[in-house]
Amino acid sequence: MDWSRGGADEAERLVGEHYADVLRYCRRHAPAGLAEDAAQETFLRFVRARARYRERGSARAYLVTIARNVCADMARSRAVAWEELPESLAGEGEPGDADDARDLAHALALLPRAQREALELRYGQGLRVGEVALALGVSRFAASRAISSALGALRESLDPSGERGES
């Protein structure tokens with residue numbers, strides 16, 4: 001990324017492309033009421049560190065990594081536990097869909113935080129496994145294992161028959 005020419009334009013483009021993703025992440029992980037502040041701080045830190053940024057992956061993965069650190073810093077500075085905000089689960093679909101969504105939300109809540117976060121980054125944010133690893137600060141193998149373990153636990157938790165269905 002060439003910040004020497006058109007750096008402001010490039011920063012503006014990144015904000016336009018990735019602000020919604022960063023804000024969504026911050027809403028789930030920042031202390032209550034501080035999601036917008038966390039998202040803004042994320043982009044501010046990115047601009048301040050632009051000289052150190054090397055395009056080795058997606059900018060979104062890099063920004064989510066910064067957002068993760070910002071949210072952790074905010075939680076530590078406020079000395080409160082991380083609170084995950086529930087997403088709206090009621091839909092306009094079939095009556096059973098709301099129950100399915102509640103079951104999924106409950107099953108996700110039972111997962112260890114690291115596994116939930118790995119799933120959110122992989123499927124909620126659409127990051128590749130290598131980018132999830134970068135965002136979490138773990139190896140690619142560890143990220144892959146966390147995602148796989150979480151999916152297995154969800155399958156077991158959501159299996160209505162109580163037995164593992166192998167097809």
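The values are calculated or read from the model by the stated rules, or taken from the named source; none is laboratory data. Quantities reported herein were computed from a predicted structural model and do not represent experimental measurements. Neighbour counts run over all protein chains shown; Cβ positions are idealised from the backbone, glycine included. With ligands, DNA and RNA removed, areas are computed over all heavy atoms of the protein, side chains included. Shrake-Rupley method; radii C 1.70, N 1.55, O 1.52, S 1.80 Å.
What FRET efficiency would be calculated for the residue pair LEU44, ARG155, taking the C-beta separation as r and a Förster radius of 45 Å, to the nearest 0.05?
In this case the efficiency is close to 0.65.
Summing Lys, Arg as +1 and Asp, Glu as -1, what charge do residues with Cβ under 12 Å from the Cβ of SER149 carry, SER149 excluded?
Taking every other residue near SER149 into account, the sum is +2.
Which distance in nm do the two modelled labels at ARG76 and ALA107 give, with both placed 7 Å along the Cα-to-Cβ direction?
Each label point lies 7 Å from its Cα, and together they span 3.5 nm.
For LEU158, LEU119, what's the largest-to-smallest order of accessible area, 1.4 Å probe?
LEU158, LEU119
Expected output is a single nm value to one decimal: the length gained when fully extending between ARG52 and GLU17, i.e. 0.36 nm times separation in residues minus the C-alpha distance. What is it?
Stretched fully, the ARG52-GLU17 segment lengthens by 10.5 nm.
From largest accessible area down, sort HIS18, HIS29; use a 1.4 Å probe on the protein chains.
HIS18, HIS29
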